[in-house]
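**Student:** My questions will all concern the structure given below.
The values are calculated or read from the model by the stated rules, or taken from the named source; none is laboratory data. Every value quoted in this text rests on a predicted model; they were computed, and no experiment measured them. Here the Cβ positions follow ideal geometry from the backbone for every residue, glycine too, while neighbour counts run over all protein chains shown.
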Amino acid sequence: MKLGMLVAVEIGAVIKSGFKLIREEKIGKFAVYIFEIHGQTTFVIHSGAGQTFAAAATEILISVYKVDLIINFGIVGSLREDVSLGNTCVVEKIVDYMFDTSEIDGGEPGRHQRYPGIYLPADESLIQKALAIVPELRRVTCASGNKFVGTADEKRWLHQTFNCDIVEMEAAAIQLICDMHDIPCLFIKGISDTLHGGAEEFTRMFEAASDDCFRIVSEIMRTM
């Protein structure tokens, strides 16, 4: 099995992890780090923030490196009082909340028409494997869009409108491209900023939350 890993901005957690770096390659401006992680050759692409880069990086992992499975880990904002710093989550479904064609097709905001509703489901078999290894993972619904969401009012609106628990900027694009190729993807997310936190809390917690999240990913990969 060929394993791909997509990292938006938390690449430092992987590089300093101590796992063996086999080599680094460039695909256009994208850096791809080929690591040996628990005996598994893993193609780690550093996408950068946002859906456009995430979609392109996902396509590279699938079409250039021919991976069979993708893991995306990263840090996210909480949309609920009870999802707090130190929590690590596994994403079960995603809403591309900024996608809206409702004026021309009458669909719901957030819905891509090839799906039956607004939610993009993640791979349930991978979720179950992750939970078997790390039972304390919290199952969440993820709001994904091309915007850093930092205010409590915006976060409450996302929770109330789309019934989401966390918010970030890449997962919807990754899942959409994976679905186009029938490639399973696992999303592991760590909380970097709370409902009432914003850019300052994100910046303060960035390194610690990234490291904690990758540690959980490493635990999962050990037995995959």
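**Student:** As an exercise: evaluate V134 against (1) surrounded by 19 or more Cβ atoms within 10 Å (Cβ to Cβ); (2) in contact (Cβ under 8 Å) with a residue 40 or more places away in the chain and give the number of the one condition it does not meet.
**Tutor:** So V134 meets the others, but not (1).
**Student:** While we're on this one: Looking only at segment 105-114, decide whether some residue is under 22 Å from D182 (Cβ atoms), part of a strand (DSSP E or B) and modelled with pLDDT of 95 or more.
**Tutor:** To start, the set of residues in segment 105-114 that are under 22 Å from D182 (Cβ atoms) comprises 111-114.
Adding the requirement that they be part of a strand (DSSP E or B) leaves none.
No, segment 105-114 contains no residue that is under 22 Å from D182 (Cβ atoms), part of a strand (DSSP E or B) and modelled with pLDDT of 95 or more.
**Student:** Separate question: Could you tell me whether A57 is crowded, with 19+ Cβ neighbours inside 10 Å, out of contact with any helix residue (DSSP H, G or I) (no Cβ under 7 Å at 6 or more places or on another chain) and among the small types (G, A, S)?
**Tutor:** Values: crowded, with 19+ Cβ neighbours inside 10 Å: yes; out of contact with any helix residue (DSSP H, G or I) (no Cβ under 7 Å at 6 or more places or on another chain): yes; among the small types (G, A, S): yes.
For A57, the condition - crowded, with 19+ Cβ neighbours inside 10 Å, out of contact with any helix residue (DSSP H, G or I) (no Cβ under 7 Å at 6 or more places or on another chain) and among the small types (G, A, S) - is met.
**Student:** Could you run through segment 92-135 and say how many residues are farther than 16 Å from D165 by Cα and either among the charged types (D, E, K, R) or in contact with an Asp or Glu (Cβ under 7 Å, 6 or more places away or on another chain) (or both)?
**Tutor:** 16
**Student:** Counting only residues that are in a helix (DSSP H, G or I) and aromatic (F, W, Y), which one in segment 123-180 is nearest to the chain's Cα centre (by Cα)? Before the answer, list the steps.
**Tutor:** Filtering segment 123-180 for residues in a helix (DSSP H, G or I) gives 124-133, 152-162, 171-180.
If we keep only those that are aromatic (F, W, Y) as well, we get 157, 162.
Details: W157: 21, F162: 18 Å.
Per the criteria, the residue is F162.
**Student:** Using the structure shown, decide if G197 is in a strand (DSSP E or B) and either in contact (Cβ under 8 Å) with a residue 12 or more places away in the chain or within 17 Å of the chain's Cα centre (by Cα) (or both).
**Tutor:** Values: in a strand (DSSP E or B): no; either in contact (Cβ under 8 Å) with a residue 12 or more places away in the chain or within 17 Å of the chain's Cα centre (by Cα) (or both): yes.
Criteria not met by G197.
**Student:** Applying the selection to segment 24-74, what residues are under 26 Å from V167 (Cβ atoms), part of a strand (DSSP E or B) and of a type in the set (S, T, N, Q)?
**Tutor:** Listed by number, the list holds a single entry, N72.
**Student:** Could you check segment 148-204 and list, in sequence order, the residues that are charged (D, E, K, R) and either in contact with a Pro (Cβ under 6 Å, 6 or more places away or on another chain) or more than 18 Å from N72 (Cβ to Cβ) (or both)? Walk me through it before giving the result.
**Tutor:** Just the residues of segment 148-204 that are charged (D, E, K, R), to begin with: 153-156, 165, 168, 170, 179, 182, 189, 193, 200-201, 204.
Hits for segment 148-204 are D153, E154, K155, R156, D193, E200, E201, R204.
**Student:** With the condition kept exactly as written, say whether any residue in segment 29-41 is closer than 26 Å to M221 by Cβ, in contact (Cβ under 8 Å) with a residue 40 or more places away in the chain and crowded, with 19+ Cβ neighbours inside 10 Å. Walk me through it before giving the result.
**Tutor:** Going residue by residue through segment 29-41, those that are closer than 26 Å to M221 by Cβ are 30-41.
Restricting the remaining residues to those that are in contact (Cβ under 8 Å) with a residue 40 or more places away in the chain gives 37-38, 40.
Among the residues that remain, those that are also crowded, with 19+ Cβ neighbours inside 10 Å are: 37.
Yes, that holds for at least one residue.
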